[in-house]
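Please read the structure below before turning to the comments.
Each value in this text was obtained by applying a stated rule to the coordinates, not by laboratory testing. All figures in this text were calculated on a predicted structure; none of them were measured in a lab. All Cβ positions, even for glycine, are placed from backbone atoms using ideal geometry, and neighbour counts span all protein chains on display.
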Amino acid sequence: MVKHLIVFNTAPGVTEEACLAMARQARETLTRIPGVRDVAFGVAAGDQARYRYLLIVEFSGEDVIDLYRDHPIHVQFANQVFRPMAVERITTDYRMVL
């Protein structure tokens, strides 16, 4: 299993409610991609966190990483919905070992 983690901050004026709506849309949209098992969303527990939001996309395996990155569903969602909202972000893929 691989977890695709994105920590991010939003553009000025984007509300937490808008982020939650985006996360719901991400789950509905991205889980249609073969090998995507789930999408989860979190908010930092404290006000001092460097990044306020977390999006986790769970892949069935490492072979899904490239498929996901180039898949038209992901590209469209990322370009039209996610990236305009999440202007400051870090993305890393983690292979789960335990």
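There is at least one residue in segment 61-69 that is surrounded by 16 or more Cβ atoms within 10 Å (Cβ to Cβ) and over 14 Å from the mean Cα position of the chain (by Cα).
Yes/no per residue for (1) in contact with a helix residue (DSSP H, G or I) (Cβ under 7 Å, 6 or more places away or on another chain); (2) of a type in the set (Lys, Arg):
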| residue | (1), (2) |
| --- | --- |
| Val2 | yes, no |
| Ile6 | no, no |
| Asn9 | no, no |
| Ala23 | no, no |
| Arg27 | no, yes |
| Val36 | yes, no |
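Give segment 55-98 a look and list any residue that's farther than 26 Å from Val14 by Cβ, touching a residue at least 24 places away in the same chain (Cβ under 8 Å) and in a helix (DSSP H, G or I), or say none. Once the filter is applied, which keeps residues that are farther than 26 Å from Val14 by Cβ, touching a residue at least 24 places away in the same chain (Cβ under 8 Å) and in a helix (DSSP H, G or I), segment 55-98 yields Val64, Ile65, Leu67.
Among the residues of segment 1-24, those identified as within 22 Å of Gln76 (Cβ to Cβ) and either of a type in the set (Ser, Thr, Tyr) or touching a Leu at 6+ places or on another chain (Cβ under 6 Å) (or both) are Ile6, Thr10. Inspect all residues belonging to segment 17-33 and state whether any of them is within 12 Å of the chain's Cα centre (by Cα), assigned to a helix (DSSP H, G or I) and in contact (Cβ under 8 Å) with a residue 60 or more places away in the chain. There is at least one residue in segment 17-33 that is within 12 Å of the chain's Cα centre (by Cα), assigned to a helix (DSSP H, G or I) and in contact (Cβ under 8 Å) with a residue 60 or more places away in the chain. Residues in segment 32-54 that are among the β-branched types (Val, Ile, Thr) and crowded, with 16+ Cβ neighbours inside 10 Å were compared, and the one that is farthest from Ile6 (Cα to Cα) is Ile33. Among the conditions (1) closer than 29 Å to Leu98 by Cβ; (2) within 11 Å of the chain's Cα centre (by Cα); (3) not in a strand (DSSP E or B), the only one that Gly42 does not satisfy is (3).
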